[in-house]
1. Sorted by mean Cβ packing within 10 Å, highest first, what order do the peptides 30-41, 68-79, 120-131 take?
2. Relative contact order for the chain: what percent, with Cα pairs under 8 Å and sequence separation of 6 or more?
3. For the chain, what does -39500 (n - 2.57) per DSSP helix run (n ≥ 4), summed and divided by total residues, give at 222 nm, in deg cm²/dmol to the nearest 500?
4. Suppose we keep just the DSSP beta bridges with both residues in the range 1-93; what percent of those would be antiparallel, to 5?
5. For the range 88-154, what class follows from the C-alpha gyration tensor (a ≥ b ≥ c being the square roots of its eigenvalues): rounded when a/c is under 1.5, otherwise prolate if a/b is larger than b/c, else oblate?
6. Taking just the C-alpha trace of the range 23-154, give me its Rg and Dmax in Å.
């Protein structure tokens, strides 16, 4: 039985490596027994999902120094419907960056600031060539966010 408000993972995972990272976030979150976890692509996620969430993890690739088009589409569709109803929503951000991820981080944080969401930790930026350690870092992120939700921190 969960907390009543799920941890929502909104993840754009266009490759096998990014799918591994999305799955690692999910696996880490599912280690926390009393939290329901919902993982969806940005294209499948709607405003009702965000309004029902107790916390959120955003996962995106870095595309041309910015967030993925899929995550931008998500924000375009949920921004105004969620603007007044999700203020204070706790979130974490994970970026799979071929370069440094700075533009992606700034872009997501600007939109989340407009929504008045609360970033719960420094963004996890998996930079450069794919490394196995990214998988463990993503598991830890998922588990930490689920544990925070279970503990009522957010």
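1. Most protected by this proxy first, the peptides run 68-79, 30-41, 120-131.
2. This gives 32 percent for the chain.
3. -14000 deg cm²/dmol
4. Taking every DSSP beta bridge with both residues in the range 1-93, the antiparallel ones total about 15 percent.
5. The shape class here is oblate.
6. Looking at the range 23-154, its Cα Rg and Dmax stand at 14.0, 40 Å.
Readers should treat all values here as calculations from the given coordinates under stated rules, not as data from a laboratory. Owing to the predicted nature of the structure, the values given are computational and were not obtained by experimental measurement. All Cβ positions, even for glycine, are placed from backbone atoms using ideal geometry, and neighbour counts span all protein chains on display.
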